[in-house]
Amino acid sequence: MPNLYVPFYSLIISILLNLVFNFKSNIGSLETKIYSKMLIFNLIDSILVSIIIFWGYIGNYNMNVIKILNKVDFVMYLLWISYFFIYNYNIKFNNEKILKSIKKTNIIIILIIFITKVTPYNNNGIMFVSGTSSNILYVVILLYLIASIYIFVRYIKHFYKKTIPLLVLITIIIFALIVRKSNPALIIMPAILSIMNLIMYFTIENPDMKLLEELA
């Protein structure tokens with residue numbers, strides 16, 4: 001089950017990040033709230049992908065259930081990239097109103113994802129999905145990514161080390177496209193989210209230092 005290796009490792013990383021982040025004291029800033037949600041989205045995604053791939057290998061599954069699981073997984077990707085955009089937006093504007101607007105937009109997109117078609121494909125270890133639902137997701141991800149890049153370019157002087165996650169994401173996506181082209185059987189999206197969350201863990205504001213600044 002080689003396809004299961006990467007999602008499984010991603011799941012381990014995601015579990016560890018959730019444990020480490022949630023078991024330490026954190027300032028309740030918008031930045032840490034956003035990050036905590038992204039950790040949860042990644043954890044659910046890793047679990048879903050692992051289940052879908054495992055069932056794909058053993059062959060004992062209901063296609064309708066697989067389609068629903070794929071669409072729930074799409075929602076996790078949507079939520080993760082939208083919160084990543086909010087994270088980048090917050091670096092410059094520090095405004096929670098954008099969070100409410102994005103939530104409303106996401107509800108509409110989620111409804112569209114669930115009412116449109118998705119077709120899982122599984123042949124000789126090569127697994128992927130196609131259909132209107134997945135195409136909509138790809139377009140939305142691209143739009144959120146472009147918006148994040150625009151904020152980065154427009155307000156680059158405000159970013160400093162916080163540019164690292166966005167730059168890494170762009171690099172990883174390019175690498176993922178190359179890998180996916182040469183090896184269609186490799187499922188790497190969960191790994192991308194886990195790596196991004198791991199990098200962001202070291203770039204979000206230090207809660208202990210922020211607390212000391214507030215007490216000073």
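The values are calculated or read from the model by the stated rules, or taken from the named source; none is laboratory data. Keep in mind that what you see is a predicted model, and the values were worked out from it rather than measured. Neighbour counts run over all protein chains shown; Cβ positions are idealised from the backbone, glycine included. What goes into the accessible areas is simple: the full protein's heavy atoms, side chains included, and nothing from ligands, DNA or RNA. Shrake-Rupley method; radii C 1.70, N 1.55, O 1.52, S 1.80 Å.
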Counting just the residues of segment 195-216 that are among the polar types (S, T, N, Q) and at pLDDT 75 or above, which one comes out surrounded by the most Cβ atoms within 10 Å (Cβ to Cβ)?
-> Asn197
Right, Lys103: basic (Lys, Arg), within 14 Å of the chain's Cα centre (by Cα) and under 24 Å from Ser14 (Cβ atoms) or not?
-> no
Failed condition for Leu111, given (1) of a type outside the set (Asp, Glu); (2) open to solvent by 40 Å² or more (accessible area, probe 1.4 Å); (3) at pLDDT below 90; (4) outside any strand (DSSP E or B) | (3)
Give segment 4-48 a look and list any residue that's free of Cβ contacts under 8 Å to residues at least 24 places away in the same chain and of a type in the set (Ser, Thr, Tyr), or say none.
-> Tyr5, Ser36
Candidate set from segment 173-194 (those that are assigned to a loop (DSSP other than H, G, I, E, B) and modelled with pLDDT of 75 or more); member that is surrounded by the fewest Cβ atoms within 10 Å (Cβ to Cβ) = Ile188
Of all residues in segment 118-149, which are within 24 Å of Ile102 (Cβ to Cβ) and either open to solvent by 50 Å² or more (accessible area, probe 1.4 Å) or in contact with a His (Cβ under 8 Å, 6 or more places away or on another chain) (or both)?
-> Thr132, Asn135, Tyr138, Val139, Leu142, Leu143, Ile146, Ile149
Meets criteria (open to solvent by 80 Å² or more (accessible area, probe 1.4 Å) and more than 27 Å from Ile113 (Cα to Cα)) for Asn22 | yes
Using beta carbons and a limit of 7 Å, which pairs, at least six apart or on different chains, have the first residue in segment 52-77 and in contact (Cβ under 8 Å) with a residue 12 or more places away in the chain and the second one among the aliphatic types (A, V, I, L, M) and in a loop (DSSP other than H, G, I, E, B)?
-> Ile53/Ile187; Tyr57/Met1; Lys67/Val118; Asn70/Val118; Lys71/Val118
Evaluate the following for Ser133: is it under 23 Å from Asn22 (Cβ atoms), hydroxyl-bearing (Ser, Thr, Tyr) and within 20 Å of the chain's Cα centre (by Cα)?
-> no
Give me a count of the residues in segment 80-97 that are in a helix (DSSP H, G or I) and open to solvent by 30 Å² or more (accessible area, probe 1.4 Å).
-> 5
Report yes if Ser10 is closer than 27 Å to Lys104 by Cβ and of a type in the set (Gly, Ala, Ser), otherwise no.
-> no
Of all the residues that make up segment 128-172, how many are more than 28 Å from Tyr57 (Cβ to Cβ) and modelled with pLDDT under 85?
-> 24
Residues within segment 25-40 that are open to solvent by 20 Å² or more (accessible area, probe 1.4 Å) and under 23 Å from Asp73 (Cα atoms), tallied | 4
